[in-house]
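The values are calculated or read from the model by the stated rules, or taken from the named source; none is laboratory data. Remember, predicted model here, so these are calculated numbers, not experimental data. Here the Cβ positions follow ideal geometry from the backbone for every residue, glycine too, while neighbour counts run over all protein chains shown. Note: accessible area is taken over every heavy atom of the protein model, side chains too, but ligands, DNA and RNA are not part of it. Shrake-Rupley method; radii C 1.70, N 1.55, O 1.52, S 1.80 Å.
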Amino acid sequence: MLRFLTGGESHGPCLTAIIEGLPAGLPLETENINYYLKKRQGGYGRGERMKIESDQVEITSGVRGGLTLGSPLTLVIKNRDWANWEEYMRAEPRGEDTKRTVKRPRPGHADLAGGIKYRQYDLRNILERASARETAARVAVGAVCLSLLSVLKIEAVSHVTRIGSAECGSVPTWEKIKEFAPLSPVYCADRQAEEQMIKEIETAREAGDTIGGIFEVRLRGVPVGLGSHVHWDRRLDGSLAQALMSIPAIKGVEVGAGFRAAFEPGSKIHDEIFYSPEKGYYRLTNSAGGIEGGISNGEDIVLRAVMKPIPTLKKPLQSVDIETKKSREASFERSDVCAVPAASVVGLAAAAFVVARCILEKFNSDHLEELREAVERYREYARRF
Ligand SMILES: Cc1cc2nc3c(=O)[nH]c(=O)nc-3n(C[C@H](O)[C@H](O)[C@H](O)COP(=O)(O)O)c2cc1C
């Protein structure tokens, strides 16, 4: 079973991820992981912190000579800001030092609920781990999964479809997303919408405000039969939605037609089935987003996620000082104006992990070659079914 854990605070020394269950023989390069880390840090609308951090992964176990060993893979990303925080964040006891403590919880953050739950009167003890800085570790894990998927001829892309009221005109093709989204400052494949999106971000910045949006993740080449209808927690759509919802600030997920399905009759929503000896079973439409009954059906998997506006505001919202109980403005931490482009990279990573986990669940293999052969054999079987 493929699984991972991450550890690390936002201003601690580093983030660590340990992945278990990868087959031996998978080629891995730090440069490829760093590409996705850089993308997560980029995107129009990000704050000052991203200029300090230039994430680089270090692989400290599980790989030798560029190939995985089948042992736990450990990924470490140093926090370059650590030098400025060591005095306040070190593991050793600190005495009564109150510098950089947080007493005014920010609405929209884990600060207050987490403080009450864990009995922490310095809310920094909550926000350090609740921070989306942790998603750098998840992106590193996702980059490894994308390498595995690519060997199995499964491709994945993500792109931004909406920021505030600026939206992609029409649904861009796979090719357009692949070509244009990586070059766009907002990771959008539609040039006209991109301009509007940048304007929306600038308007929010000037007002001391923040803004959210929507991104889409697509996977192509996913074999039919991942996930299952037999139990609620084995459904592929459920697992993917959970992975996307677990990204900080994601408040909704759609699969395929998603919420549009509420407004259309069945005759317009369901994807009719066709067959040809070359392709096997196929569809001409994909409202199901590649998943039927919790099982992948061989079509592109299409997921969309809604991100709320960033909750730390330059013009802070009203809050309460947890010591004095007096009304105060919420505390301010250096912050992004819009992180939808960055979240689209996290979403890509999250979906890649789930699909890689389902692949290994179905085709459990100790070596990559064994896995590749099993997937190819199965694809041939499915084509002729
Ligand atoms: C890539 C990314 C970057 C984020 N950057 C910030 C930020 O700079 N400031 C902030 O207040 N929230 C930021 N967030 C959102 C918060 O982490 C999130 O809203 C908060 O942890 C509360 O979780 P919830 O929104 O899921 O309830 C970011 C989220 C993501 C995915």
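A few remarks follow.
- Output for segment 29-40, where each listed residue is open to solvent by less than 10 Å² (accessible area, probe 1.4 Å) and touching a strand residue (DSSP E or B) at 6+ places or on another chain (Cβ under 6 Å): I33
- Search result, residues across segment 232-261 that are within 16 Å of the ligand (Cβ to nearest atom) and not in a helix (DSSP H, G or I): S246, I247, P248, A249, I250, K251, G252, V253
- Here L317 fulfils each of the conditions (1) within 16 Å of the ligand (Cβ to nearest atom); (2) within 26 Å of T6 (Cα to Cα); (3) surrounded by fewer than 21 Cβ atoms within 10 Å (Cβ to Cβ) apart from (2).
- Residues considered: E264, E299, E323. Of these, the only one that is assigned to a loop (DSSP other than H, G, I, E, B), free of Cβ contacts under 8 Å to residues at least 60 places away in the same chain and either surrounded by fewer than 20 Cβ atoms within 10 Å (Cβ to Cβ) or within 16 Å of the ligand (Cβ to nearest atom) (or both) is E264.
- The condition of being touching a residue at least 12 places away in the same chain (Cβ under 8 Å), open to solvent by 20 Å² or more (accessible area, probe 1.4 Å) and assigned to a loop (DSSP other than H, G, I, E, B) holds for only one of K153, K199, that being K153.
- The C-beta contact set for segment 101-116 (first residue on the phi > 0 side of the Ramachandran plot, second residue open to solvent by 50 Å² or more (accessible area, probe 1.4 Å) and of a type in the set (D, E, K, R), distance under 8 angstrom, 6+ apart or interchain) comprises G108/K308.
- Per-region count, segment 84-138, residues away from the ligand (no atom under 15 Å from the Cβ) and either open to solvent by less than 60 Å² (accessible area, probe 1.4 Å) or not in a helix (DSSP H, G or I) (or both): 20
- Against the conditions (1) open to solvent by 30 Å² or more (accessible area, probe 1.4 Å); (2) in contact (Cβ under 8 Å) with a residue 24 or more places away in the chain; (3) on the phi > 0 side of the Ramachandran plot, G65 satisfies every one except (2).
- Criterion (under 30 Å from I19 (Cα atoms), more than 11 Å from the ligand (Cβ to nearest atom), open to solvent by less than 40 Å² (accessible area, probe 1.4 Å) and assigned to a loop (DSSP other than H, G, I, E, B)) met by exactly one of S287, S365: S365
- Of all residues making up segment 326-356, the number that are more than 9 Å from the ligand (Cβ to nearest atom), of a type in the set (K, R) and touching a helix residue (DSSP H, G or I) at 6+ places or on another chain (Cβ under 8 Å): 0
- When segment 47-62 is limited to residues that are open to solvent by 50 Å² or more (accessible area, probe 1.4 Å) and within 21 Å of V340 (Cβ to Cβ), the one that is modelled with the highest pLDDT turns out to be E48.
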